[in-house]
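Reviewing the structure listed below.
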Amino acid sequence: MRRLRDWWANPWGKPRFLVVVTWAYIVWSIAPVLIAVLFSFNKGRSRSVWQGFSTRWYWSDPTQSVLHDPTLRGALEQSIKLATFDMLIAVPLGVALAIGLTRWRGYGSRPVNLLMLFPLVTPEIVMAVSLLLVFVTLYHIQLGTTAQTLGQVTFSISYVVLIVRGRLLSIGREYEEAANDLGASPFAAIRLVLMPLLAPAILASFIVVFALSIDDFVVTDYLSSDASTQTVPIRIYSSVRGTTTPALNALASLMMVTTLLAITAALLLYRRLSARERRPEQAAAVGDIATLEV
Amino acid sequence: MSPAVKEGTIELVELSKRFGDVTAVDGITLHIPGGEFFSLLGPSGCGKTTTLRLIAGFERPDAGRILLDGKDMAATPPHKRKVNTVFQSYALFPYLSVADNVAFGLRRRREPREQIRRRVDEVLASVRLDGFGKRRPSQLSGGQQQRVALARALVLSPSVLLLDEPLGALDAKLRKSLQLELKALQQEFGITFVYVTHDQEEALTMSDRIAVMSGGRIEQVASPEEIYEEPGTVFVADFLGISNLMNATANGSGDTRCRLRLGDFELVACRGDLQARGEARIVIRPERVRVEPYATDGSGENRIPGMIERVVYLGSADQLVIRLATGDTLHALQINDGMPRQYKQGMPVRVHLPAEALRVLHERPPAP
């Protein structure tokens, strides 16, 4: 009994209680995902009773698999398309905005810096309703891919600005001044010095925007036009009440794999980028990715 | 540009810079001839770094002019000035190799590839870093990084090199050796160095001339000897090591000696503002104070009785802290020459303040 107590209470031992809690949490949060993935390989139509292994819901089934059901395949394509557009537009704009905002001294810079956070704190449903309103009645933008992209870019930019601005502040002005001093024009200094230094933050922005876009439901749903502009989350949500097959699990699994692949690729690239410098402040950018990742 | 002006001449005329309510540089006028090792010395916040940044072009002056080789620099952006800077943090580009860092400026000038490589090798050799070209800055020690920063600026053959506390981040021993190295490089390249530091010893060792700054203004510009031996203001005397500053009443008569009254004692000074009348500050360096046994005749000139309050062992010397009969505290240095110690704590002594070492000072620099 005493030995047990010593074993448990030994102050030099491993923090066993914390280890147990950590593992319990990991199992608790990952188990549903693993079960969902498992049932995407079910042989039968059930999403709760295991009937043997097959890849039927991915590609073998001639009509109901993700590959052959046009609505499922379309949803996956639309998700990836929107994510790509969102990344290509929001990241460059966000980087430029962050640079501009950190340079801007004077009246107005403080409120604008604060307003940049607005999309982060606005409830998404409010954002979606108001975007729908202005897009339809004011700007006459056609609902569908265009409106969806614009909507996603609108809130994604805030995240990019937040990430890049943090990095900019830790870089400071000195590197750019050094480049100017050595004969680089202001534009050349941004291209040759600031961009390489910002690379980790830009990479982190790409990952975050990708994840935001893939995940987004409310804004994307409000701004969609018809079945052809449904994304994966919308497709899954709208079919919940109808007849469902493990093909939905397969669709969700595919989306998860895509996201994981994107993040892994980015992390590998990031490691290569930061191996060149190895300075302590770079550790912060790893944190950017880790904390903002969903 | 007149032909008499040597390359690398800097002229600052009534230069001012404000940041919000703070006046960082307050109407500075300076002339730095080409090829001089010139130091801006002062405590943090005295405006020395801002002055440097104004010359480099990173800040825009609110008033006044900067002339480089007789040409007004007002409309010239930093990347077009023939001036290069060594930053306090070095600001080496971390993602580039040492050689690429050094080649950065040459590439901006679009010089031929072969020539760039030769120049980079040359300049790396001159800062004793040959063979380090392929390394990353992060793989170098602080002193080596400092030399890369120097090489990166020198490779462009600027007519003026600006250095912002370049040795600030290094340990004491390395500083000493790099001080000598910097001075040697400056003489080898024959260009103007404008060196910002808060370390008085550093400034005294390396500079041809020093400007002591305080509150955005220049207190005194002079050679190291003059700054140290003949401080023009109270601030300069105080900033350059322990000086014995005392309040006295002056009664200058306009001849070569100034009569002073310190408490109940009559003093005579031969240095500084000999015309001063009324309230005045007098100063004497600790190493110039003579300490005599109390038993000696006290009737000579400038003798004040006192008592040894403390004896501080400094290694090469003993520092005596003496409480004078007037109430002032005085520091005196006794060189450690191997003789047995003459003075102990609590011992009464007579202090001799030689007239030729006693200075009468202004509070602020006299208006030009």
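For every residue, the table says whether it meets (1) assigned to a helix (DSSP H, G or I); (2) hydroxyl-bearing (Ser, Thr, Tyr); (3) within 14 Å of chain B (Cβ to nearest Cβ).
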| position | (1), (2), (3) |
| --- | --- |
| A:PHE187 | yes, no, yes |
| A:VAL193 | yes, no, yes |
| A:PHE206 | yes, no, no |
| A:SER225 | no, yes, no |
| A:SER238 | yes, yes, no |
| A:THR244 | no, yes, no |
| A:SER253 | yes, yes, no |
| A:THR259 | yes, yes, no |
All helices (runs of 4 or more DSSP H) inside region B:126-206 with 1 or more residues being within 12 Å of B:PHE37 (Cβ to Cβ), among the polar types (S, T, N, Q) and in contact (Cβ under 8 Å) with a residue 24 or more places away in the chain: B:172-189, B:200-206
Region A:144-183, subset within 14 Å of chain B (Cβ to nearest Cβ) and of a type in the set (S, T, N, Q), residue nearest to B:ALA103 (Cα to Cα): A:ASN180
Subset of region A:47-73 (residues that are part of a helix (DSSP H, G or I) and buried (at least 17 other Cβ atoms within 10 Å of the Cβ)): A:ARG56, A:TRP57, A:TYR58, A:LEU72
Test: residue in region B:224-238 that is in contact (Cβ under 8 Å) with a residue 24 or more places away in the chain, of a type in the set (A, V, I, L, M, F, W, C) and assigned to a strand (DSSP E or B): no
Residue under evaluation B:LEU170, criteria (1) farther than 19 Å from B:SER207 by Cα; (2) crowded, with 17+ Cβ neighbours inside 10 Å; (3) over 21 Å from the mean Cα position of the chain (by Cα), criterion not met: (3)
Some residue of region A:107-122 being among the charged types (D, E, K, R) and within 14 Å of chain B (Cβ to nearest Cβ): no
Hits in region B:64-116 - residues which are in a loop (DSSP other than H, G, I, E, B), at the interface with chain A (Cβ under 8 Å from one of its Cβ atoms) and charged (D, E, K, R): B:ARG109
Region B:143-164: number of residues that are under 22 Å from the mean Cα position of the chain (by Cα) and closer than 18 Å to B:ILE32 by Cβ: 6
Answer from B:GLY315, B:GLY278, B:GLY300 - the residue that is part of a strand (DSSP E or B) and surrounded by fewer than 15 Cβ atoms within 10 Å (Cβ to Cβ): B:GLY278
Checklist (1) out of contact with any helix residue (DSSP H, G or I) (no Cβ under 7 Å at 6 or more places or on another chain); (2) surrounded by fewer than 19 Cβ atoms within 10 Å (Cβ to Cβ); (3) within 14 Å of chain A (Cβ to nearest Cβ) applied to B:GLY34, failing item: (3)
Qualifying residue in region B:140-149 (condition: within 13 Å of chain A (Cβ to nearest Cβ), at pLDDT 90 or above, at negative phi and surrounded by fewer than 20 Cβ atoms within 10 Å (Cβ to Cβ)): yes
Some residue of region A:195-204 being touching a residue at least 12 places away in the same chain (Cβ under 8 Å), surrounded by fewer than 18 Cβ atoms within 10 Å (Cβ to Cβ) and assigned to a helix (DSSP H, G or I): no
Residue in region A:177-189 that is buried (at least 18 other Cβ atoms within 10 Å of the Cβ), in the same structural domain as A:ARG105 (by TED's automatic domain parsing) and over 30 Å from B:VAL86 (Cβ atoms) present: no
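The values are calculated or read from the model by the stated rules, or taken from the named source; none is laboratory data. On a predicted model such as this, the values are computed, not experimentally measured, just so you know. Positions of Cβ are generated from backbone atoms using ideal geometry, with glycine treated the same way; all protein chains shown enter the neighbour counts.
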